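Quick notes on the structure that follows.
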Amino acid sequence: MSTPDRAEVVRRLRAAGCVFAEDEAEILSTAAGSPAELLAMVERRVAGLPLEHIVGWVDFCGLRVAVDPGVFVPRRRTELLVRRAVGLARPGATVLDLACGCGAIGLSVATLVGDVDLYAVDIEPAAVRCARRNLAPLGGQVYAGDLYQPLPARLRGRVDVLVANVPYVPSEAVELLPPEARLHEPLVALDGGRDGLDVLRRVATGAPDWLVPGGHLLLETSSAQAGVASTALAEAGLAPVVVTDDDLPATVVVGRR
C-alpha cells in the first residue's frame, strides 16, 4: 500500500478478517501521527496483533483505558460486571479488583461511583505496571502477586465490593481461542484450569476473610458455568445470585457475605 488511503485501509483490514474494519480504520487513522505510522499500524493489525495493543488503549465503559502489549484486553461483556458493582458500591466504599489486568474494572467502578478506596492485584508484571498507570490518578493502590497474597493485612474484613474477572476458559479450550488472544495475551489471564473455574474457586474461598459483613463478591463467568460457580460461592459461605445480559452477552455471579 503506497499511500494510507482510507478505503484501502478498510479493504486490507476486512481481508484480514477484521469484522469491524471501518471502525478500526477510523481508530488507526486517528491514532497515527503520520502516513508512515498508519502504514506500520495497518501492517501490525493485518499480522494479527490486537487493535488495542497497537493503539495503546481500549474504550471500556466510556473510558479510554491504557492497554500495553502483553496485557489482557478488557472485553465489552465485562461491562455487566462493572454495572453490577457500581450498583452495589457507595461513595467511600473499599473496592478490590483481583486479577485486575490493566485495571479497567476498578477504574470504571471508581470513576462511576466516585470517592472509593481502590485496591487492585495482578500476578503479571506487565499488567501491574499498566494498572498502576491507569489507577494512579484515582489514588488506587496496585499490588503484584497471586490473588489475596500481596494485600496488606489491614484490608481483612474491610472490603465492600470485590470484583474479579479471573480466567474461566477450560485448559483444553484455550487453543480454540482467536489467535489475537491466544498469541498476544498472557496464558495466565486465559486458562482457568480443567473446567475453567480453578481460579474462581480460589477467589470465592478467600473472599469471606476480606469482605465486610454484607459485602459482595462479583465474578464473571460463562452461562454454562454459572451453576457450578454459584455452588462454589455457596460452599464458601456466600449467598449467590446469577445475573445475565443477553445483549452483551455476559454472565456474572454475585455472592453476598
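The values are calculated or read from the model by the stated rules, or taken from the named source; none is laboratory data. In this text, all values refer to a predicted model and were calculated from it rather than measured experimentally. Every residue, glycine among them, receives a Cβ derived from its backbone with ideal geometry; neighbour counts consider all protein chains shown. SASA here: full protein model, heavy atoms, side chains in, ligands and nucleic acids out. Shrake-Rupley method; radii C 1.70, N 1.55, O 1.52, S 1.80 Å.
Overview of values
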| item | result |
| --- | --- |
| Reciprocal of mean inverse Cα separation for the range 161-243 (Kirkwood radius, Å) | 13.3 Å |
| Value of [θ]222 nm, deg cm²/dmol, for the chain, DSSP H segments ≥ 4, -39500 (n - 2.57) each, nearest 500 | -11000 deg cm²/dmol |
| Tail weight of P(r) past 14 Å, computed on alpha-carbon pairs of the range 1-69, percent | 55 percent |
| Kirkwood-Stokes translational diffusion coefficient of the range 210-257, alpha-carbon pairs, 25 °C, 0.890 mPa s, µm²/s | 227 µm²/s |
| Area accessible to solvent at residue 53, 1.4 Å probe radius, in Å² | 10 Å² |
| Inter-label distance, nm, simple model (7 Å from Cα along the C-beta direction), residue 40/residue 198 | 3.9 nm |
| Antiparallel DSSP beta bridges within the range 1-128, percent to nearest 5 | 45 percent |
| Cα Rg, Dmax (largest Cα-Cα span) when computed across the range 23-115, Å | 15.6, 48 |
| The chain - Rg and Dmax from Cα coordinates, angstrom | 18.9, 63 |
| DSSP bridge orientation in the chain - percent antiparallel, rounded to nearest 5 | 45 percent |
| Rough spin-label spacing in nm, given labels placed 7 Å along Cα→Cβ, for residue 138 and residue 11 | 4.4 nm |
| The range 131-190: equivalent-ellipsoid semi-axes (sqrt of 5 x gyration tensor eigenvalues, Cα, Å) | 29, 15, 10 |
| Helix axis angle, 79-88 relative to the chain longest principal axis, alpha carbon, degrees | 30 degrees |
| Cβ-based charge dipole, the chain, positive-most Cα from 188, 153, 169 | 153 |
| Alpha-carbon Debye profile of the range 65-192, log10 I(q)/I(0) at 0.19, 0.21, 0.23 Å⁻¹ | -1.03, -1.22, -1.41 |
| Solvent-accessible area per residue, Å², over the chain with all protein chains present [probe radius 1.4 Å] | 45 Å² |
| Full-stretch length increase - residue 63, residue 205 - with 0.36 nm per residue and alpha-carbon distance subtracted | 47.9 nm |
| Rounded FRET efficiency, nearest 0.05, which uses the C-beta distance separating residue 126 from residue 171 and R0 of 25 Å | 0.70 |
| FRET E, pair residue 228, residue 181, Förster distance 30 Å, beta-carbon r, rounded to 0.05 | 0.85 |
| Share antiparallel - DSSP beta bridges, the range 128-257, percent rounded to 5 | 70 percent |
| Inter-probe distance in nm under a simple model that places probes 7 Å from Cα toward Cβ, at residue 241 and residue 75 | 2.4 nm |
| Accessible surface of the range 1-148 [probe 1.4 Å, protein heavy atoms]: carbon and sulfur percent | 53 percent |
